[in-house]
Structure formats: structure tokens, C-alpha cells
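The next block holds one structure in the form of C-alpha cells; read it before the comments.
The values are calculated or read from the model by the stated rules, or taken from the named source; none is laboratory data. All figures in this text were calculated on a predicted structure; none of them were measured in a lab. A quick note on method: Cβ atoms are made from the backbone with ideal geometry, for glycine too, and the neighbour counts reach across all protein chains shown. Only protein heavy atoms, including side chains, enter the accessible area calculation; ligands, DNA and RNA are left aside. Shrake-Rupley method; radii C 1.70, N 1.55, O 1.52, S 1.80 Å.
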Amino acid sequence: MNGELRLYNTASLQKETVGERELGLYVCGVTPYDTTHLGHAFTYTAFDVLVRYLRFCGRRVTYVRNITDIDDDVLLRAHSTGVDWKELGDREYAKFAEDMRRLNNLPPEVEPRATGHIPEILRITEELVRSGLAYEKDGCVYFEVKKYPQFGRLCRLSYVAQLDLANERGNFPADPLKRDPLDFVLWQAKKDGEPSWPSPWGEGRPGWHIECSAMSMRYLGDSFALHGGGDDLIFPHHDAEIAQSENFTGKPFVRHWAHTGMVFCGRHKMSKSLGNMVFVSELLDKIPADALRLLLLSHHYRSAWNFEPRELIAARRLTRLLRERLADADPEDESAIEEHGAAFLEATADDLDTPRALLELREMAEGGVAAERRAARALAERVLGLNFDLK
RNA sequence: GGCGGCAUAGCCAAGUGGCUAAGGCGACGGUCUGCAAAACCGUUAUUCCCGGGUUCAAAUCCCGGUGCCGCCUCCA
């Protein structure tokens with residue numbers, strides 16, 4: 001299999017060929033303090049298909065997806081519910097992992113936790129302080145945005161625009177320790193009751209962004225091919241990662257950025273604060289995992305979409321159709337794929353166009369030729385991750 | 001204000017210069033059934049937000065306009 005893949009790159013706003021035979025993929029994972037909703041499932045299923053497709057094409061992919069297990073959200077939730085933060089994180093992560101397993105998403109090679117990489121985090125922070133890009137104040141360390149003119153190049157927001165905006169909205173930082181409202185924290189001093197680790201600046205804990213720089217470079221090297229996540233992470237998270245990493249190594253951090261669109265419910269972005277979430281575990285109790293995957297994959301990974309309950313009906317029907325038509329088709333027939341899989345694979349190779357691929361799949365399944373159905377079965381299992389055996 | 005995206009039937013949506021504008025949901029008609037549901041068959045856009053332009057030919061390309069949406073230190 002040739003394995004051409006043209007993937008949209010947020011850094012260039014264009015589809016670009018991903019050509020590496022061996023590559024690293026880092027996807028920003030969850031902060032484990034609440035239940036997995038459909039938006040998480042959409043993002044991680046998209047990257048799951050990306051990984052499956054690349055491997056199907058004979059590429060070697062090292063897939064890393066982190067767990068940000070120390071963070072304001074976790075501590076806040078732990079405090080308000082009276083649960084130990086570590087226990088909360090473990091429990092919520094276990095639920096997330098179970099949802100992913102039921103969805104038939106492959107586990108990443110590495111699922112690093114922020115708390116397991118404090119030495120790496122400190123090393124980067126120290127180096128940034130040493131090189132003058134970060135400064136310490138009262139036990140906190142900040143990245144100084146002004147010292148890095150390229151800051152914000154992924155989101156294409158100019159420094160001035162960001163600053164104007166911040167001032168306009170009276171959104172100036174509550175943090176008097178910052179030299180600039182846009183500076184972001186690398187290390188924060190311990191507050192009462194919070195977990196902490198020793199550092200050159202005293203007891204404290206990592207800031208938000210830094211853990212992803214530390215973990216991605218630890219497992220994939222200073223420069224790697226692909227970095228992904230939801231498009232709500234472009235700014236500030238991914239821009240901050242670039243700033244930290246490139247100033248630490250002096251090398252380009254990531255070649256290709258891939259971002260998934262947001263899932264809405266009732267015309268609003270699905271979010272914890274609005275309470276309009278559709279939970280993966282609840283959906284999986286109602287419909288087969290294959291149906292939920294088909295529902296998710298019927299939307300292109302980059303476009304935002306609104307969840308409509310009636311989509312469940314269509315997804316279930318397609319699932320039934322595929323199962324009936326492909327029940328006894330041999331999924332290991334390579335020649336059938338060669339002969340009949342071209343249109344499907346072409347759609348997948350074109351910026352992971354799963355809606356189009358699904359159309360091709362349906363056509364193959366409905367076709368009268370047995371080899372076509374074998375190709376459909378093989379591609380559905382191996383590229384789309386459908387599991388015809390699950391209930 | 002900056003950046004990005006989208007406008008195609010009741011709804012979701014494919015389409016990236018040329019056969020009769022995919023498909024799905026819904027609706028309606030039919031077959032089946034004691035009735036209903038399910039399943040299956042059929043019908044459902046002379047037209048692609050508006051105005052210009054390019055072309056033998058545009059939903060598709062160009063210019064202008066209008067409308068909607070997302071992000072902008074909680075966020076997949």
C-alpha cells in the first residue's frame with residue numbers, strides 16, 4: 001500500500017503531504033476531572049482512524065496521548081467534592097479509558113502523566129530562566145511573551161491585537177506578579193492545601209502548557225511530525241507549547257499541526273459549564289460502538305457540528321446494513337482491497353475525509369460483487385476501526 | 001477589533017468547470033401485517049444566499065455585498 005496522506009496543517013492553512021515512513025504523533029489528552037463527552041470521543045476517534053490508516057499503509061506510528069493529572073480544574077473539583085485530587089484523577093481517567101476501549105479506539109503506545117514528568121518540566125523551566133525568556137517572581141516562574149516575538153504564530157493573532165483585546169475587555173490579569181498580561185506561568189508557587197514538588201524556586205507545581213512540551217519531547221524527540229488536539233487548544237495552549245519547546249531546544253518543535261472541530265449540542269459548544277453534554281458511556285449503552293463510530297466518522301474531523309439525536313437512527317441503520325451485507329466477508333483479502341478499495345482509500349488519504357469514505361464503503365457493501373464486500377469488511381475493520389463482533 | 005470557517009430541498013449534507021445536482025433523516029404513497037411497529041419498494045431541489053464578471057459551459061473560478069458561526073489565558 002502506497003500510503004499517501006494529505007493532511008491539513010494548521011500552521012500553513014493548507015493540506016500538506018505527511019510523508020514520513022516512521023513518525024511520532026502527540027495528541028493532547030484529557031484533564032481527568034469529569035466524564036468523557038461526545039466531543040472528546042470525536043477528537044480521539046478521528047486520531048484513532050488517522051493512526052489506523054497510517055499503519056494500514058505500512059507506516060510506523062508512535063502515538064502518545066497525555067493525561068494532565070495536575071491542574072487547576074482537578075484541584076478545584078477535588079476540593080469541592082471532598083475527594084483527594086489523585087484519587088479523582090485516577091477514577092476519572094479510568095472512566096475515560098473505559099469509554100475509549102468500548103469505542104474500540106486503540107490505546108496509545110504511551111499515556112504519560114504530568115505528575116510523572118516533573119524533572120523534565122523543571123529542566124525546561126530552568127533552561128528558559130537561564131536563557132532569559134522566563135523570569136521568577138515570588139516562587140512563580142513566567143514565560144515572558146515579549147521576549148519571543150513569534151509568540152502566537154499558530155493562531156495568527158498579533159501580539160498587539162492580543163494586548164489591545166485584553167485591555168479593551170478589562171481583562172487585565174489578576175496576577176500582579178506578571179510583567180505582561182500575556183505572560184503565562186511555567187511553575188507556580190505552592191498554595192495552602194495544594195500538592196507540590198520541590199524546585200529551585202521553592203515548593204510548587206507546574207503551570208498548564210509546560211507538561212505537554214515536557215512529555216511530547218521526552219517520548220518523541222525535540223522535533224516530531226504530528227501534533228494534534230481539539231481546535232480550542234490552538235491558542236493559547238499550542239502556541240505556548242511552541243514557545244517553550246523551541247526556545248528550550250533551539251529546534252523546530254512540530255512539523256504538522258492537526259486540529260479537530262468542536263461538537264455542539266443545542267447550538268452551543270458542548271462544555272462542562274453549560275451542562276449540555278452528551279456522554280459517551282450513556283450513548284454506548286443505547287447503541288453499538290460501531291454505530292457511534294459511524295456517527296462520529298460521518299462528520300469530517302475539522303468541521304464543527306451539532307449533535308442531533310436523530311443521527312443515532314441513521315447510524316444504527318448503517319451499522320445494520322454493514323453487518324448484514326458483510327457478515328461473512330473475509331477481512332483478510334488483500335487482493336480484494338487492491339481491486340476495490342481505491343476510492344475509499346483515496347477519500348481517507350484526502351485529509352481524512354471519512355464522510356466520503358463512508359459513502360464509498362456503503363457502495364461497496366451494497367454492491368453485488370463478493371470481492372467488493374470483502375474489501376469493505378477489511379477497510380471497515382482495519383481503517384475505520386469497526387468491530388463487527390461487538391454487540 | 002483580530003484570525004478562521006460556513007451559506008445547496010422541511011432538516012443534516014455530498015459536490016473543487018461539462019453525463020438527468022449523491023446520500024441520509026423526516027414526510028407522503030405502497031407491499032407485508034389482525035392493527036401498529038420493523039423491514040422492503042416508490043415519491044420528495046428546472047436549481048445551489050444576493051449582484052456582477054470570466055467561459056462554448058459555473059453550485060463549482062474571480063470581484064463586491066449580505067447573513068450565520070467559531071476562537072481570542074476553563075475547554076477535545
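A few comments on the model shown:
- Within the range A:50-69, the residues that satisfy the criterion of being of a type in the set (A, V, I, L, M) and within 16 Å of RNA strand B (Cβ to nearest atom) are A:Leu50, A:Val51, A:Val64, A:Ile67.
- Filter result (part of a helix (DSSP H, G or I) and open to solvent by less than 10 Å² (accessible area, probe 1.4 Å)) within the range A:1-42: A:Leu38, A:Ala41, A:Phe42
- Check on A:His259, under 17 Å from A:Phe47 (Cα atoms), open to solvent by 20 Å² or more (accessible area, probe 1.4 Å) and touching a helix residue (DSSP H, G or I) at 6+ places or on another chain (Cβ under 7 Å): no
- For the range A:332-348, the criterion of being of a type in the set (Gly, Ala, Ser), touching a helix residue (DSSP H, G or I) at 6+ places or on another chain (Cβ under 6 Å), outside the structural domain of A:Phe47 (by TED's automatic domain parsing) and away from RNA strand B (no atom under 14 Å from the Cβ) is met by at least one residue.
Residue-wise test of (1) open to solvent by 50 Å² or more (accessible area, probe 1.4 Å); (2) within 12 Å of RNA strand B (Cβ to nearest atom); (3) among the acidic types (Asp, Glu); (4) at pLDDT below 90.
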residue	(1), (2), (3), (4)
A:Met277	no, yes, no, yes
A:Ser281	no, no, no, no
A:Tyr301	no, yes, no, no
A:Phe307	no, yes, no, yes
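- The residue pairs whose first member lies in the range A:351-364 and is assigned by TED's automatic domain parsing to the domain that holds A:Gly341, whose second member is polar (S, T, N, Q) and not in a helix (DSSP H, G or I), and whose beta carbons are closer than 8 Å, counting only pairs six or more residues apart or on different chains, are A:Thr354/A:Ser298; A:Pro355/A:Ser298; A:Leu358/A:Ser298.
- Scanning the range A:215-246 for residues that are in contact with a His (Cβ under 8 Å, 6 or more places away or on another chain), aliphatic (A, V, I, L, M) and within 15 Å of RNA strand B (Cβ to nearest atom) returns A:Met215, A:Leu226, A:Leu233, A:Ile234, A:Ala240.
- Among the residues of the range A:257-291, those that are in a loop (DSSP other than H, G, I, E, B) and of a type outside the set (S, T, N, Q) comprise A:Gly261, A:Met262, A:Gly266, A:Arg267, A:Met270, A:Lys272, A:Leu274, A:Gly275, A:Met277, A:Val278, A:Ile287, A:Pro288.
- Inspection of the range A:359-378 identifies at least one residue that is away from RNA strand B (no atom under 15 Å from the Cβ), open to solvent by 20 Å² or more (accessible area, probe 1.4 Å) and of a type in the set (Val, Ile, Thr).
- Residue match in the range A:64-86 (condition: closer than 25 Å to A:Leu297 by Cβ and surrounded by fewer than 21 Cβ atoms within 10 Å (Cβ to Cβ)): no
- Close Cβ contacts (under 7 Å, 6 or more residues apart or on different chains) running from residues in the range A:254-269 that are under 20 Å from A:His238 (Cα atoms) and within 11 Å of RNA strand B (Cβ to nearest atom) to residues that are in a strand (DSSP E or B) and open to solvent by 60 Å² or more (accessible area, probe 1.4 Å) comprise A:Met262/A:Lys269.
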